[in-house]
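The values are calculated or read from the model by the stated rules, or taken from the named source; none is laboratory data. Model, not experiment: these values are computed from the prediction. Note that each Cβ is placed from the backbone with ideal geometry, even for glycine, and that neighbours are counted across all protein chains shown. These accessible areas exclude ligands, DNA and RNA; they are computed on the full protein's heavy atoms, side chains included. Shrake-Rupley method; radii C 1.70, N 1.55, O 1.52, S 1.80 Å.
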Amino acid sequence: MEVIIEGKVKTVYQGDDSQQVIIEYHDKVTAGNGEKEDHPLGKGSLCCSISALIFEKLAKELIPTHYINMVGANKMICKKVDIVPLEVICRNRAAGSIVRETTLNEGQPLPQPIVEFFLKDDSKHDPLLTPDRVRLMGYDPKPFIEMTLRINDILRSLFYILGIDLVDFKVEYGYDAHGDLYLADEISPDSMRLWKIGGEERFDKDLFRKDEGDIVPAYRQILDKLQPLAVT
Ligand code: C5P
């Protein structure tokens, strides 16, 4: 298969149909812009299955997503889109970079969800952007903010039922050949913070980032919890 992009933990191949791609999720996890790396067995298929269930749930709620279907345990066929070079982050509680870079405390609930933009460019260390900078790059922030807040409402409710607090998450978007906007990339515990409500347990990549435990059993718990609920 012809490789279109070799990412840190995924490879994107050209599909048989010129308007489709195949995304392969690898048994690999990285942190700190690739400085830390591991190869946990089964991680690729877990992230692929979790992403697929979440995309299916969002599509049912009328969010346009690039996901078409899974092919094998760790590959999905998706609509081909031009990826917007923005990492769009939504936060319900303070954690990670917002704690490091502001006076907010870890876990502090935000008065309302916020959406932030970061440049998707590892060579520049993904800096935080202002809405003006996003506009100067040629993108109107409004549709990204609106769609991301809708996704947050849907996923927050979904995880709440599972006893999990959706602390924050990252999404990426792309445009198809007609200029229509689609949710793209992946949504998995690699790109979300998932905290047990009323407990200390974590089910996301922070386990790996902070050396606090194995991600594979944690991600498996998320898949097991989502499986019966995501398509209802
Ligand atoms: O790094 P930060 O704390 O700002 O991340 C916020 C959320 O976005 C976290 O859930 C993190 O896993 C996700 N994220 C990501 N990819 C990045 C940066 C952040 O998935 N490059």
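List of remarks:
- For segment 165-204, the residues whose amide N sits under 18 Å from a probe point set 7 Å from the Cα of Lys142 along the beta carbon direction are 180-182.
- With DNA, RNA and ligands ignored, accessible area of Thr30 (1.4 Å probe; Å², nearest 10): 10 Å²
- Computed from point charges on the beta carbon alone (+1 for Lys and Arg, -1 for Asp and Glu), the dipole magnitude for segment 113-232 about its Cα centre is near 200 Debye.
- Over all other residues within a Cβ to Cβ distance under 11 Å of Ala52, the charged ones net out to 0, with Lys and Arg as +1 and Asp and Glu as -1.
- Total lysine pairs in segment 102-232 at Cα distances under 25 Å, for residues eight or more apart or on different chains: 18.
- With each label modelled as a point 7 angstrom along the Cα→C-beta vector, the Arg133-Leu229 pair spans 3.6 nm.
- Net charge, Tyr175 excluded, C-beta distance under 14 Å - Lys, Arg +1, Asp, Glu -1: -4
- Near Leu129, the amide H atoms lying under 5 Å from its own belong to Phe117, Phe118, Leu119; only residues 5 or more places off or on other chains count, and H is placed 1.01 Å from N.
- Under 18 Å from a label point set 7 Å out along the Cα-to-Cβ vector of Asp153, the amide N atoms of segment 58-81 belong to 58-65.
- Quarter of Cα convex hull surface for segment 16-136, i.e. mean projection, nm²: 10.2 nm²
- Exposure ranking of His26, His178 by accessible area [1.4 Å probe, largest first]: His178, His26
- Measuring only protein heavy atoms, the 1.4 Å probe finds Glu37 accessible over about 100 Å².
- Here's the picture: charge each Lys and Arg Cβ at +1 and each Asp and Glu Cβ at -1 in the chain, and of Ala31, Leu155, Cys48 the one pushed furthest to the positive end of that dipole is Leu155.
- Relative contact order of segment 84-148, pairs being alpha-carbon contacts under 8 Å that are 6 or more residues apart, as %: 31 percent
- For segment 98-197, alpha-carbon Rg over 2.2 N^0.38 Å: 1.17
- Segment 33-131 - accessible surface per residue (Å², probe 1.4 Å): 50 Å²
- Of all accessible heavy-atom area on the chain, the percent that carbon and sulfur account for (1.4 Å): 51 percent
- Nonlocal amide H pairs with Gly96, under 5 Å, H built at 1.01 Å: none
- For segment 44-89, the Kirkwood estimate of hydrodynamic radius, built from reciprocal distances between every pair of different alpha carbons, is 11.5 Å.
- Of the DSSP H helices in the chain, those whose Cα atoms cover at least 20 Å axially and whose Kyte score averages 0.5 or more: 43-60
- Accessible heavy-atom area order of Ile114, Ile89, highest first, probe of 1.4 Å: Ile114, Ile89
- Rounded to the nearest 20 debye, the dipole size of segment 63-131 about its Cα centre is 280 debye, using +1 on the Cβ of Lys and Arg and -1 on the Cβ of Asp and Glu.
- In Å², nearest 10: area of Tyr67 left accessible to a 1.4 Å probe: 30 Å²
- Sorting the Cα pairs of segment 146-232 by distance into bins of 10 Å, from 0 upward, gives 16, 46, 28, 9, 1 percent per bin.
- Estimated from the Cβ-Cβ distance and a Förster radius of 22 angstrom, the FRET efficiency linking Glu56 and Ile161 is about 0.85.
- Protein-only accessible surface at a 1.4 angstrom probe places the residues Tyr219, Tyr160 in the order Tyr160, Tyr219, largest first.
- Counting every C-alpha pair in the chain, the share spaced more than 32 angstrom apart comes to 13%.
- Whole-number percent relative contact order across segment 48-179, with pairs defined as alpha carbons under 8 Å at least 6 apart: 28 percent
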